[in-house]
Structures are given as structure tokens and as C-alpha cells.
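This report concerns only the one structure given below.
Just so it is clear, none of the values below were taken in a lab; they were calculated from the coordinates. Here the structure is a predicted model, which means the values were calculated and not measured. Every residue, glycine among them, receives a Cβ derived from its backbone with ideal geometry; neighbour counts consider all protein chains shown.
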Amino acid sequence: MNDYNIQVVTGEILQAGTFNKIYIKLIGTECNSGQQRLKAPTGFWPGSKLSFTVSCTANLGTLLLVELESKARMIGLNEWFCAEVMVTTPKGEELLFPCHRWLGSEKVVLRDAVATLRHKETSPELLAHRQESLKVRRQLFKWSIYADGIPHTVHAEFPCNLPPEVRFSFTKDKEFVFSSAVAFMKINLRCPLKFSWSSLRELDTLVCRKTDILEYVQKNWKRDEFFGYQFLNGLNPMMIKRCSKLPDNFPVTSDMVSSFLPMGSTLEQEMEKGNVFLCDYERLRGLDGNLICKKQQYLAAPLCLLFSTPQETLVPIAIQLFQEAGPENPIFLPSDSEHDWLLAKMFVRNAEFNEHELNFHLLRTHLLAEIFTVATMRDLPAAHPLFKLLLPHTRFTLQINIMARKTLISSYGYFPKFTAIGNDSMMEFLQRAVLSLTYSSLCLPDDIKERGLEKIPNFYYRDDGLELWKIIFKFVNGILSYYYTDSDVQTDIELQAWLTSIFQSGFLENPHAGMIFFLDFFPLSPKFSFLSKTSPSVHPPIPPSGFPKSFSTVEELVKFVTMVIFTVSAQHAAVNNGQVRKCFLVFFRFLCLNVILTLPDLTTPPGFQFDYGGWMPNFPSSLQQAPPRRKGLATEHTVSDTLPSISSTVNTMAIVYLLCHDTCDRYALGNYPEVHFSEEIPQKQIQQFQTDLLQFEKKIETRNKTLELPYTYMSPQNMNNSITI
């Protein structure tokens with residue numbers, strides 16, 4: 001007899017165990033063991049490691065595959081989360097077969113943990129299994145067109161339509177359901193929550209249990225220095241760029257701003273020195289405002305000019321609220337009346353809300369992460385080294401995006417109901433944002449250089465992000481260089497198919513990559529046919545995407561994979577974590593009514609409470625008065641009337657809470673509890689990656705002790721491996 005010792009490890013997550021009957025079959029080059037039951041009298045409990053013996057009358061030869069099957073007992077189906085199977089052969093050889101997936105009543109076939117490229121497969125049986133597994137996965141993970149001009153999504157209307165292996169864990173699911181129920185509890189009042197705030201002072205009662213940052217925001221949101229600071233280290237450090245020449249439609253003169261510049265200096269001189277910066281919200285041009293409770297809401301498409309002072313602060317020096325220069329589009333200045341200037345800044349902050357939530361948060365992290373995830377699941381087999389590297393960075397992403405589409409951007413979701421941009425304008429905005437998407441803008445070192453932000457002081461997002469990029473790049477290079485040469489990259493048809501999938505479904509096969517074109521002169525790809533429905537003048541020239549269509553070298557591959565991991569971990573943390581942290585208490589008084597909405601949090605790790613997104617005047621989701629066309633008319637009453645309604649405010653805070661509410665079932669960046677690599681060198685690279693992240697964490701902690709406002713959003717302990725919230 002040939003005895004094989006089997007150790008079966010059940011995952012440690014809640015509900016991972018089972019009382020089902022579990023069967024195993026060992027498949028070798030010579031024959032197979034036949035299906036044999038793994039008898040566990042007390043069942044397979046979470047975290048258990050059970051040993052069994054599989055006896056074979058014949059020699060199996062080289063062990064290739066392990067087949068597992070779960071069969072329900074009479075009491076019904078009980079899914080089982082198998083972590084891994086360790087097999088010790090009669091010759092004493094130990095082989096690890098990673099699983100890390102749920103089994104219901106289906107069979108799963110596993111191969112050992114050694115990563116292999118397709119063209120290096122030596123076994124016909126393993127090559128056949130590799131090809132068959134991809135056929136199966138392409139049936140499980142299909143593409144779906146959500147809307148014209150928007151990245152494709154996974155073909156699953158509800159989370160239950162997803163394969164079990166990518167759905168929420170029991171813990172994550174129950175916590176999320178509880179948080180959703182609490183966040184969206186109905187507030188029963190004797191009158192509807194659609195009235196305006198009577199004054200800015202009334203907003204002081206809105207949020208209790210404040211973080212230090214939230215208190216700072218409330219006290220300083222009107223200050224120009226803090227307004228400028230947020231373009232560097234707030235929720236959205238992605239809009240600002242160096243201004244070497246003013247746009248033709250923004251006729252700011254040196255005389256207008258001379259009093260805000262160093263004595264004797266001119267605007268032209270400061271631009272030449274690299275001290276002038278611009279935020280241009282052109283993508284909002286021409287979009288119609290929404291109706292909320294039958295009341296018109298308003299959008300602006302502002303241009304905001306900022307100056308980096310000798311004191312190393314960043315301050316706004318000119319704001320224009322519309323893209324077309326003219327007498328009814330004044331340029332607001334810090335020397336204008338307090339309320340004129342404040343109102344202009346509020347419209348900029350509302351534009352920031354839309355750019356942040358829809359472009360830099362939804363599109364450039366969530367939707368792209370879904371593209372990366374589906375392509376990985378469809379086009380890379382489990383034995384592929386890139387699949388093993390990326391799998392932890394896809395965890396829960398598909399389900400959170402399905403839920404976000406239902407909750408946020410569906411016709412009955414949050415954006416159509418409670419924001420100024422509404423549904424139709426939101427989709428138009430997203431389409432424009434997709435057209436502006438470039439490869440370099442997703443690669444932080446390139447993005448910082450293109451925006452001319454290498455030297456601006458006190459830019460902690462840049463400093464921390466570039467350091468993280470280097471750490472991730474080093475890790476990815478260490479892993480992939482072990483498996484690839486340039487020749488291997490060019491030969492790997494699975495890798496090239498993966499990239500093609502991303503290019504086709506994420507960047508929508510933009511045929512104009514590498515050129516700038518104008519809609520008047522160049523034909524459109526059918527995937528951009530929506531643009532023909534609107535005036536070409538509304539849309540700016542489409543930039544070259546620069547997105548690679550194929551890989552030729554290891555260096556190209558490493559850069560791209562670094563971008564993928566950075567996007568789903570560090571970049572998502574940078575634009576997500578500053579909205580809200582641990583818990584909040586909403587408390588208002590208006591008329592004779594007192595309302596308390598308490599959102600308890602029993603599970604979120606310390607460090608997540610309201611920050612920049614918790615004070616609505618600083619980050620308004622909607623504005624109820626039209627952008628001013630003349631100066632000198634704004635009052636405090638005008639400002640309070642312009643703020644979002646009470647209903648919009650409450651619902652925005654609830655949705656922001658839900659967007660950022662992490663659960664205890666989370667893995668911080670670099671934490672890989674599931675073993676996918678068995679080779680020594682990849683395992684050492686993972687250990688070095690974790691060491692580098694820990695050292696970087698300490699560096700951030702030391703730096704933050706010297707800052708009035710600590711910047712923690714790029715701290716590795718505050719970011720997940722994947723987009724899970």
C-alpha cells in the first residue's frame with residue numbers, strides 16, 4: 001500500500017466550518033486514488049487542522065492535483081471554507097495545495113502552490129487542467145456593460161450572484177448589514193427634513209464625539225490657509241497642478257492679486273518661479289443641477305488660482321465660478337467682502353465633492369479595481385505567479401462595488417436623490433472623467449511630475465505616496481523578476497490576455513491612445529458614441545491615454561502591477577479615509593424639534609472617525625442657490641441658504657459613514673495570512689515587504705508628531721490590501 005498523509009486546514013473565519021461529508025481524490029501522473037472520504041467525527045471546525053491517511057494500492061507517480069468535494073448531510077447544505085491541503089507522499093515529500101475558497105456542493109480541483117508560467121508547464125495533465133480552469137472561470141466571471149463610456153463591471157446584479165470565493169465573509173457581511181441598517185434608519189419627524197439651515201451657527205450642533213481633525217476643520221474651514229492646505233493633504237490631493245500660464249478663459253491680472261503676493265513681485269514672476277497653482281473643474285462645465293425635494297440645486301465649474309507663500313502655506317488668490325469669462329462671471333478675490341469670498345470658496349468645495357467622489361474615488365479606485373479583479377479572475381489561472389501576487393488585492397472588491405452601484409449611483413441611489421449633480425449629470429461627468437483617464441495619472445511618480453508638484457512644500461500625500469510607491473515597486477519587482485525574463489513576458493499569452501482585458505473593459509479600447517484629438521475631426525469608437533449626443537464644444541480635447549496594450553519587458557510589467565496594487569491600497573486610502581472615522585452622533589435643533597441620530601460602532605478599529613467629510617460647509621454635496629453673478633450681494637443668510645438642506649446633510653453624513661465604515665475582517669497592506677507562494681524567494685520578498693512597511697510606518701509616526709494636523713491616510717496600518725469599503 002502507498003499511504004499519503006493528508007492535513008486539511010479549515011479557515012479561521014466565522015462560519016468556515018462544516019458538518020458536510022468531505023471527499024478527496026489524489027491525481028498523479030500514473031493513476032488516481034479514487035474518491036475517499038475524510039472522516040471527521042466532530043466535523044471541520046474553524047481553524048482546525050485535521051490529519052487523515054489516503055491509501056492507494058498502486059503508485060500514483062508524481063502527484064499533480066487534489067480534488068475535493070463537499071456533500072451535504074441530511075440536515076442540509078453547510079458551506080465549508082477550506083484554507084489549504086498539505087500532502088506528504090510515501091517518499092516524504094511535502095506538497096502544499098492552497099484552496100482559500102468556499103465549497104458548497106461542488107467539486108474543486110487544486111494544484112500545488114508552486115507558481116508556473118504557461119509556457120513552462122512540463123505536464124500535459126497540468127496544462128489541460130490550467131486551460132480547463134480558465135474556461136470555467138470565464139463562465140463564472142463575465143463582463144457586463146453598465147453604461148456607455150463607463151468601465152465595464154462584473155456580470156452580477158446582486159452579491160449572491162457572485163461565486164462564493166469572492167463574496168463577503170460571514171463577519172464582514174453581518175457587520176455591513178448592521179451598519180447599513182443603522183446608517184439609514186428612518187428619522188421620524190413632524191415635518192419633512194427638507195428645510196434650510198437658519199444660520200451657520202446652527203450647524204455647530206450637528207456632530208458630537210469629534211476627532212481633533214474635525215474640530216480643527218470646524219474652526220478653520222473659512223480660513224484661506226486651511227482651504228489651500230486641503231488641496232495638498234485633504235480628501236482630494238489630485239486636482240491641483242502648477243500654473244505656468246493662465247488659461248485664456250481665466251483673465252486674472254497681476255494688478256488684481258498684487259496685494260496677495262510678496263511686495264514688488266508680479267503674478268508672472270511668481271508663475272515663473274513655480275509658486276502659482278491651479279485647480280480647474282472644467283469637467284463640470286454645462287452640467288445641469290439636480291432637483292431635491294422639487295427644489296433646484298446648482299453646480300459651478302470653477303477655476304481656482306492658488307499661491308504658495310514664502311511662509312510655505314498655500315492660499316487661494318482668485319476664483320472664477322464659470323468657465324466662460326465675461327462681465328457676469330466675476331473673478332472673486334480675498335479682498336472682496338467676507339461672504340462673497342466665502343460663497344465662492346463653497347462652490348469650489350462643492351466642485352471638489354463631485355470630482356473627489358465620482359472621479360478620484362469611484363472611477364479611479366473602485367471601478368478600476370473591479371476591472372483589475374475581474375481580469376485577474378478570468379484570465380489568470382491559480383498557478384500563475386501574477387494571480388498569486390494579486391489575489392489578496394482583490395478581496396471583497398466585487399461585492400462592495402455591486403452594493404455601491406445599488407446604494408450610490410443607481411436611479412434610486414444616494415447621488416440622484418441627495419446631491420446637486422443628480423443622475424443624468426453624474427453619468428455625463430463619469431463619461432468625461434473616463435476620457436481624461438491616463439496611465440501616467442495612475443502612476444504616482446509620473447503624476448506628480450506632470451502636475452509640476454515636485455517642490456511644493458508640506459505636501460505629505462506626495463511624500464508618503466512616493467515612498468510607498470518605491471516600497472511596493474521593490475516588492476513587486478522582487479516577486480516578478482524571480483519568475484520572468486523579458487522573453488518570458490513576451491511569450492506569456494495569459495499575461496498579455498490579462499492586459500488586453502483591462503485595456504478593453506477598463507479603458508474601453510480607446511483607439512486614440514498616444515494622440516490628442518478633437519471631436520470635430522476624428523471619428524469616435526462606438527464605445528464613445530455617447531459624445532455625439534452633445535455639443536463638441538462642451539468636451540475638451542481627449543488626451544492620450546498612454547495605456548500599454550502589451551508588455552515587452554519585466555520593467556514594464558513591474559510598473560503596471562505596482563500601479564494596480566498602489567491604486568487598490570494606498571490611493572484608495574488617500575481619497576477615502578479622510579471622509580469619516582469611527583462613529584458619530586448627529587444632533588440637530590430646528591424649530592421646536594430635537595433629533596438624535598446615533599451611529600454606534602462596536603467593531604471598527606481605532607482611527608476612523610469624522611475628519612474632513614464631517615463638516616458639511618467644508619465639503620457640501622449640494623448647493624441650493626445659484627452661483628453668484630455679481631459681487632457685493634452675499635450675506636450670512638445667503639451662505640446658510642446656499643448650504644445643502646437638512647435632509648441632504650443627514651443623508652450625506654450617513655452615506656459617508658457607510659462608505660468608510662471598515663469591519664474587523666480586514667487585512668492591512670502587506671498582511672497576507674493566506675499562503676499562495678511556496679517558494680523560498682517569494683516568501684522572503686513578502687517578509688521584506690512587511691519589514692519595509694513597518695519601518696515606513698514608524699517614519700510617518702515620527703513626522704506626524706511635529707505637525708499641527710497629522711497626515712495618517714497613507715500610513716500602511718490605515719490601508720487595506722484591497723478595496724473592501
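Listed values, structure above:
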{"quantity": "Percentage relative contact order, segment 2-112, counting C-alpha pairs under 8 Å, at least six apart", "calculated": "34 percent"}
{"quantity": "Highest average packing first - 464-473, 388-397, Cβ atoms within 10 Å", "calculated": "388-397, 464-473"}
{"quantity": "Radius of gyration and Dmax over the Cα atoms of segment 2-112, both given in Å", "calculated": "13.3, 40"}
{"quantity": "Residue-by-residue Karplus 3J(HN,Hα) for segment 306-316, coefficients 6.51, -1.76, 1.60, Hz, glycine and proline x", "calculated": "10, 10, 8, 7, x, 7, 6, 10, 10, 10, x"}
{"quantity": "Cβ crowding within 10 Å averaged over residues, with 149-156, 643-650, 366-373 ranked highest first", "calculated": "366-373, 643-650, 149-156"}
{"quantity": "Part-to-part distance (alpha-carbon centres) for segment 122-170 and segment 669-688, which is given in Å", "calculated": "25 Å"}
{"quantity": "Summed residue charge, Cβ within 10 Å of Y281's Cβ, Lys/Arg positive, Asp/Glu negative", "calculated": "-2"}
{"quantity": "Net lengthening on full extension, L140/V108 (0.36 nm per residue, minus Cα-Cα)", "calculated": "10.2 nm"}
{"quantity": "Phi-based couplings in Hz for segment 629-645 (Karplus 6.51, -1.76, 1.60; Gly and Pro marked x)", "calculated": "9, 9, 8, x, 9, 6, 10, 4, 5, 4, 5, 5, 5, 7, 4, x, 5"}
{"quantity": "Projected label distance in nm at R73 and S411, using a 7 Å step from Cα toward the beta-carbon", "calculated": "4.9 nm"}
